[in-house]
Amino acid sequence: MFAAEIFMHRFLLYSPVRTLNPEEADWFYTPVYTTCDLTPNGLPLPFKSPRMMRSAIQLIASNWPYWNRSEGADHFFVVPHDFGACFHYQEEKAIERGILPLLQRATLVQTFGQRNHVCLKEGSIIIPPYAPPQKMQAHLIPPDTPRSIFVYFRGLFYDVGNDPEGGYYARGARASVWENFKDNPLFDISTEHPITYYEDMQRAVFCLCPLGWAPWSPRLVEGVIFGCIPVIIADDIVLPFADAIPWEEIGVFVAEKDVPKLDTILTSIPPDVILRKQRLLANPSMKQAMLFPQPAQPGDAFHQILNGLARKLPHPRNAYLKRGEKILNWTAGPVGDLKPW
């Protein structure tokens with residue numbers, strides 16, 4: 001789900017918007033695969049990412065003049081970690097760290113979006129997490145298959161390894177789902193991840209999309225692709241590509257404090273409203289906007305990102321620094337970030 005950074009790089013290598021003449025460029029893109037730094041078990045190590053990012057920026061700033069003339073104001077980076085360029089998966093530590101100071105003037109393309117949060121910088125472009133288009137295509141079932149599951153969810157309710165006392169993970173929302181509805185026949189919820197996961201979503205009316213460590217979830221993409229109405233449980237979430245996807249019309253938003261009333265909320269939605277949401281979800285262009293296909297296709301997530309970058313042009317004059325003017329401090333940030341990569 002973090003792989004957008006790799007596929008964005010692949011897309012731009014062959015895109016007609018790319019120029020090899022830096023004097024022609026509106027934007028500069030630096031591919032830094034911060035989410036590819038993994039533990040032996042294959043889990044990301046986001047708290048080490050600032051060292052990698054700092055190393056990359058020092059490389060381009062010392063070899064070419066373009067970073068230094070604006071201190072990155074005309075550069076963009078894909079940072080698909082849980083909390084973007086705060087580079088930590090636990091919110092408390094992400095807030096304490098803050099956005100890497102060297103990225104204060106750059107544009108961030110990130111999956112994390114939450115209003116009034118220190119890890120969401122003004123002007124950032126919110127994108128969906130990566131979901132494999134070919135894999136999902138291979139699991140499509142006939143569109144007239146009855147939706148016999150009312151509410152569906154597969155995933156963690158507690159993250160004992162990282163939150164041994166419980167309650168902090170997902171701000172308690174997932175725990176509340178389990179405690180209130182594990183025995184409710186309308187709710188098909190479990191920690192198991194069956195091989196029929198994608199097929200099951202296509203048989204469900206509602207798919208729960210609760211926050212985890214961060215507010216966003218791959219289930220948002222899966223719900224849209226499979227026509228399962230996303231039930232978004234993440235207060236103040238900022239959703240991707242709001243100009244292309246009418247989230248308020250296709251989804252159901254439930255406040256985290258109202259999770260114990262989920263059954264009442266969902267059963268009280270009139271059938272005509274459910275049918276309208278399902279008809280909207282059937283729109284192929286909406287599905288396309290959530291995917292990163294290879295090769296790229298018109299209206300896909302790559303093009304939505306380009307649209308977001310284009311809307312930020314032209315760069316204002318104050319983006320470029322006067323001779324001798326400096327804004328950022330190379331030594332700003334935690335001491336650990338200063339170690340050479």
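Here are the numbers:
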{"quantity": "Kirkwood hydrodynamic radius (C-alpha pairs) into Stokes-Einstein, segment 133-290, 4 °C and 1.567 mPa s, D in µm²/s", "calculated": "81"}
{"quantity": "FRET efficiency estimate (nearest 0.05) - Cβ-Cβ, E96 to A282, R0 30 angstrom", "calculated": "0.10"}
{"quantity": "For segment 232-271 versus segment 78-140, the gap between their alpha-carbon centres in whole angstrom", "calculated": "21"}
{"quantity": "Over segment 186-261: Kirkwood hydrodynamic radius from C-alpha pairwise inverse distances, Å", "calculated": "13.1"}
{"quantity": "The chain: angle of helix 301-311 to the longest principal axis, Cα-based, in degrees nearest 10", "calculated": "50"}
{"quantity": "Helix 4-13 axis, angle to the chain major axis (alpha carbon atoms, nearest 10°)", "calculated": "60"}
{"quantity": "Spatial extent of the chain: Rg and Dmax, with the Cα atoms as the point set, Å", "calculated": "21.0, 68"}
{"quantity": "Förster radius 35 Å - calculated FRET efficiency between K135 and S268, Cβ distance, rounded to 0.05", "calculated": "0.50"}
{"quantity": "Packing-based ranking, highest mean first, of 83-90, 148-155 given that Cβ atoms within 10 Å are counted", "calculated": "83-90, 148-155"}
{"quantity": "The chain, relative contact order in percent, only Cα pairs under 8 angstrom and at least six apart counted", "calculated": "19"}
{"quantity": "Given K135/K287; K121/K322; K93/K312; K48/K121; K121/K261; K93/K261, the pairs whose alpha carbons are separated by over 26 Å", "calculated": "K93/K312; K121/K261; K93/K261"}
{"quantity": "Average accessible surface area per residue within segment 36-111, 1.4 Å rolling probe, Å²", "calculated": "37"}
{"quantity": "Kirkwood-Stokes translational diffusion coefficient of segment 1-156, alpha-carbon pairs, 10 °C, 1.306 mPa s, µm²/s", "calculated": "91"}
{"quantity": "Solvent-accessible area per residue, Å², over segment 133-290 with all protein chains present [probe radius 1.4 Å]", "calculated": "46"}
{"quantity": "Distance in nm between pseudo-label sites at K261 and D235 (7 Å out along the Cβ direction from Cα)", "calculated": "1.5"}
{"quantity": "Cysteines without a disulfide-compatible neighbour (Cβ-Cβ under 4.7 Å), the chain", "calculated": "C36, C209"}
{"quantity": "Gaussian network model of the chain, springs between alpha carbon atoms under 10 Å - residue of S285, S49, S217 with greatest fluctuation", "calculated": "S285"}
{"quantity": "Carbon/sulfur fraction of accessible area - segment 72-197, other protein chains in place, 1.4 Å, %", "calculated": "51"}
{"quantity": "Cβ-based charge dipole, the chain, positive-most Cα from G172, L120, Y66", "calculated": "Y66"}
{"quantity": "Sparsely packed trypsin sites (Lys or Arg not before Pro) within segment 64-133, loop by DSSP, other Cβ within 10 Å at most 12", "calculated": "R115"}
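The values are calculated or read from the model by the stated rules, or taken from the named source; none is laboratory data. Here the structure is a predicted model, which is why all the values come from computation and not from measurement. With ideal geometry, Cβ positions are generated from the backbone for all residues, glycine too; neighbour counts draw on all protein chains shown. Keep in mind that these areas ignore ligands, DNA and RNA; they rest on the heavy atoms of the full protein, side chains included. Shrake-Rupley method; radii C 1.70, N 1.55, O 1.52, S 1.80 Å.
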